[in-house]
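Trainee: What follows is a structure written as structure tokens; I'll ask about it next.
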């Protein structure tokens, strides 16, 4: 896969002392646990990330950043968070002086990602940013630039790329055990209602293509190991009384890759769907579900089974990313990975709103 799995050789101590920025020196021993602060204490942080951090080997929950002070007592009691490691959105910059915190994980709605990623980077903290990375390619680039400028690492929360069966699909894009790849078909979605909050507001990153689109888009890219060259898209709204604020309920998109490989995708807020299928010259394989928190599994045309792993995806993700910091390696899903997906999201939005016009994609 192009530029996705290369590793920087670990530097010697003498070289590290002169070339590696201070945040890396501060955590240069692999047996040290990094400290992380979760920024945004919504459902995902509460129900998935915080519990997953109780199982990690290389990183641990030490801080929180929240705009909801009523949540603080529960987090303090449950996870032993010190008062000195509790921040709000207004005083985040002061985290620069806190040696307990090495990483800030941004877990807010998408429209706030750029602001808080940049603040965390400017405070000298490594940044984990939940997907989708940002609202636009320009915002993604601003985040990347801020992290580079401040000498901190950036990882995007693509948990699936850390999951074992997904990693098999990624490997097969290179080894092609079923012959040359020909087509990918993937769909993802769930049904939402009037209580969906920001997900009904297109300006905040709501809509199926913004909120869920990176799952099938990223899957197309890692299943082929290639970057797409063009796409067309169509938006469909079934519940017009609910989707009135710029959010798309359903988006279909057809993507062209090099070597004549094509991909079909659908992302939806109207029904539950979850699969990835790859057709090759000499056979095919699939994952169904391919992006659930648990139970990712699949099969091949010659009868092989990809059994669900007994693992916590978020634990794997955060441990892998923490180890990349500790060993000064490239992240599994660095900022450019998020930017490439957001380019495709933006193109799908444009195509769908211009009667399915074909959009050519820039190669980043």
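The values are calculated or read from the model by the stated rules, or taken from the named source; none is laboratory data. As the structure is a prediction and not an experimental result, all values here were calculated from the model. Cβ sites come from the backbone with ideal geometry, for glycine too, and all protein chains shown count toward neighbours.
Trainee: So in the range 159-171, with the set limited to residues that are in contact with a strand residue (DSSP E or B) (Cβ under 7 Å, 6 or more places away or on another chain) and over 23 Å from residue 253 (Cα atoms), which one is surrounded by the most Cβ atoms within 10 Å (Cβ to Cβ)?
Mentor: The selected residue is 165.
Trainee: Another question, if that's okay. Look through 349, 326, 316 and report the one residue that is in contact (Cβ under 8 Å) with a residue 12 or more places away in the chain and under 21 Å from residue 205 (Cβ atoms). So that I can check it myself, show each step before the final result.
Mentor: On the way: 326 fails: under 21 Å from residue 205 (Cβ atoms); 316 fails: under 21 Å from residue 205 (Cβ atoms).
Only one candidate passes the filter, namely 349.
Trainee: Looking at the range 184-196, is at least one residue over 18 Å from residue 270 (Cβ atoms), outside any strand (DSSP E or B) and at pLDDT 95 or above?
Mentor: no
Trainee: Check residue 324 against each of (1) modelled with pLDDT of 95 or more; (2) outside any helix (DSSP H, G or I) and name the one condition it does not meet.
Mentor: Status for residue 324: all satisfied but (2).
Trainee: With 134, 223 as the choices, which residue is outside the structural domain of residue 300 (by TED's automatic domain parsing), modelled with pLDDT of 95 or more, within 30 Å of residue 311 (Cβ to Cβ) and touching a helix residue (DSSP H, G or I) at 6+ places or on another chain (Cβ under 9 Å)?
Mentor: Values: 223 fails: outside the structural domain of residue 300 (by TED's automatic domain parsing).
Criteria check complete, one pass: 134.
Trainee: Output the qualifying pairs, or none if there are none: Cβ atoms under 6 angstrom, residues six or more apart or on different chains, first residue in the range 179-196 and closer than 18 Å to residue 255 by Cα, second residue loosely packed, with under 15 Cβ neighbours inside 10 Å.
Mentor: 180/281
Trainee: On the given criteria, is residue 354 assigned to a loop (DSSP other than H, G, I, E, B), in the same structural domain as residue 177 (by TED's automatic domain parsing), over 22 Å from residue 167 (Cβ atoms) and without any contact (Cβ under 8 Å) to a residue 24 or more places away in the chain? Steps first, answer last, please.
Mentor: Working: assigned to a loop (DSSP other than H, G, I, E, B): yes; in the same structural domain as residue 177 (by TED's automatic domain parsing): yes; over 22 Å from residue 167 (Cβ atoms): yes; without any contact (Cβ under 8 Å) to a residue 24 or more places away in the chain: yes.
The answer is yes for residue 354.
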